[in-house]
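Participant: Please see the structure below; I have some questions.
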Amino acid sequence: MFNLASKERLLRIRRKLAKKRPAFIRSLWWKFKKFDEVWRKPKGIDNKIRLKLKGYPPMPSAGYRGPAKVRGLHPSGLRPVVVSCTKDLEGLDPEVHIIYISSSVGRRKRGEIVRRARELRLKIANER
């Protein structure tokens, strides 16, 4: 893909950008009790946020994204993979992948997946 130094540099840039990125909040959440702060795209013809008027909260746009080469990576720089059975662990590289155990997996199978992942020296992001 690309060398380790550039990957770490891009991850650092992504962390810096995330700190600067504003909290995107829903239009008029401060005015009506029925609206919560969760972002919804404004679609009204006179909406001040959609028109990007001064004095109103910012609207998400492409300029707020992180570097394309590290987009979708775990903060450790590894590529996340969702695993729901021990068979899914085969063919994964511990230098490249980090695993998330699926939320639908029960306690017994979770234990088997954790045991097998440790044998293969894979990192587990959501180990309990």
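The values are calculated or read from the model by the stated rules, or taken from the named source; none is laboratory data. Because the structure is a prediction, the values reported are computed rather than measured. A quick note on method: Cβ atoms are made from the backbone with ideal geometry, for glycine too, and the neighbour counts reach across all protein chains shown.
Participant: Among the residues of the range 15-24, is any within 24 Å of the chain's Cα centre (by Cα), among the small types (Gly, Ala, Ser) and farther than 18 Å from ALA68 by Cβ? Walk me through how you get there before you give the answer.
Facilitator: In the first step, residues of the range 15-24 are kept if they are within 24 Å of the chain's Cα centre (by Cα); the result is 15-24.
Keeping just the survivors that are among the small types (Gly, Ala, Ser) gives 18, 23.
This time we only want the ones that are farther than 18 Å from ALA68 by Cβ, so: 23.
Yes: the range 15-24 contains one or more residues that are within 24 Å of the chain's Cα centre (by Cα), among the small types (Gly, Ala, Ser) and farther than 18 Å from ALA68 by Cβ.
Participant: Oh, and also: Checking ARG71 against (1) assigned by TED's automatic domain parsing to the domain that holds TRP29; (2) at pLDDT below 95: exactly one of these is not met. Which one?
Facilitator: Single failed check for ARG71: (1).
Participant: Continuing with this model, one more query. With the structure loaded, tell me whether ARG50 is free of Cβ contacts under 8 Å to residues at least 40 places away in the same chain, touching a Gly at 6+ places or on another chain (Cβ under 8 Å) and over 30 Å from ILE101 (Cβ atoms) or whether it fails that test.
Facilitator: On the way: free of Cβ contacts under 8 Å to residues at least 40 places away in the same chain: yes; touching a Gly at 6+ places or on another chain (Cβ under 8 Å): yes; over 30 Å from ILE101 (Cβ atoms): yes.
Considered against the rule, which asks whether it is free of Cβ contacts under 8 Å to residues at least 40 places away in the same chain, touching a Gly at 6+ places or on another chain (Cβ under 8 Å) and over 30 Å from ILE101 (Cβ atoms), ARG50 comes out as yes.
Participant: Residues that are in contact with a Ser or Thr (Cβ under 7 Å, 6 or more places away or on another chain) and farther than 30 Å from GLU8 by Cα: does the range 81-100 have at least one?
Facilitator: Within the range 81-100, the subset in contact with a Ser or Thr (Cβ under 7 Å, 6 or more places away or on another chain) is 82-84, 98.
Still in the running and farther than 30 Å from GLU8 by Cα: none.
No, the range 81-100 contains no residue that is in contact with a Ser or Thr (Cβ under 7 Å, 6 or more places away or on another chain) and farther than 30 Å from GLU8 by Cα.
Here's the yes/no breakdown for (1) more than 30 Å from ARG79 (Cα to Cα); (2) hydrophobic (A, V, I, L, M, F, W, C); (3) not in a helix (DSSP H, G or I); (4) not assigned by TED's automatic domain parsing to the domain that holds HIS97:
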residue: LEU11; (1), (2), (3), (4): no, yes, no, yes
residue: ARG14; (1), (2), (3), (4): no, no, no, yes
residue: LYS19; (1), (2), (3), (4): no, no, no, yes
residue: LYS31; (1), (2), (3), (4): yes, no, yes, yes
residue: PHE35; (1), (2), (3), (4): yes, yes, yes, yes
residue: TRP39; (1), (2), (3), (4): no, yes, yes, yes
residue: LYS52; (1), (2), (3), (4): yes, no, yes, yes
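Participant: ASP46: farther than 27 Å from ARG12 by Cβ, assigned to a loop (DSSP other than H, G, I, E, B) and out of contact with any Asp or Glu (no Cβ under 9 Å at 6 or more places or on another chain), yes or no? Explain how you work it out, then say what you get.
Facilitator: Numbers: farther than 27 Å from ARG12 by Cβ: yes; assigned to a loop (DSSP other than H, G, I, E, B): yes; out of contact with any Asp or Glu (no Cβ under 9 Å at 6 or more places or on another chain): yes.
It is true that ASP46 is farther than 27 Å from ARG12 by Cβ, assigned to a loop (DSSP other than H, G, I, E, B) and out of contact with any Asp or Glu (no Cβ under 9 Å at 6 or more places or on another chain).
Participant: Kindly evaluate ARG115 against the criterion of being over 27 Å from ARG12 (Cα atoms), touching a strand residue (DSSP E or B) at 6+ places or on another chain (Cβ under 7 Å), outside any loop (DSSP other than H, G, I, E, B) and not assigned by TED's automatic domain parsing to the domain that holds ARG9. Can you show your working first?
Facilitator: Numbers: over 27 Å from ARG12 (Cα atoms): yes; touching a strand residue (DSSP E or B) at 6+ places or on another chain (Cβ under 7 Å): no; outside any loop (DSSP other than H, G, I, E, B): yes; not assigned by TED's automatic domain parsing to the domain that holds ARG9: yes.
So ARG115 fails the test.
Participant: While we're looking at this one, here's another question. GLY66 is checked against (1) farther than 30 Å from ALA125 by Cα; (2) in contact with a helix residue (DSSP H, G or I) (Cβ under 8 Å, 6 or more places away or on another chain) and fails just one. What number does that condition carry?
Facilitator: Every condition holds for GLY66 apart from (1).
Participant: Okay, moving on. State the number of residues belonging to the range 76-109 that are touching a residue at least 24 places away in the same chain (Cβ under 8 Å), under 16 Å from the mean Cα position of the chain (by Cα) and assigned to a loop (DSSP other than H, G, I, E, B).
Facilitator: Within the range 76-109, residues that are touching a residue at least 24 places away in the same chain (Cβ under 8 Å), under 16 Å from the mean Cα position of the chain (by Cα) and assigned to a loop (DSSP other than H, G, I, E, B) number 3.
Participant: Looking at LEU73, LEU28, can you tell me which residue is of a type in the set (A, V, I, L, M), under 16 Å from the mean Cα position of the chain (by Cα) and either surrounded by 12 or more Cβ atoms within 10 Å (Cβ to Cβ) or within 30 Å of SER104 (Cα to Cα) (or both)? Give the steps one after another, and end with the answer.
Facilitator: On the way: LEU28 fails: under 16 Å from the mean Cα position of the chain (by Cα).
When all the criteria are applied, what remains is LEU73.
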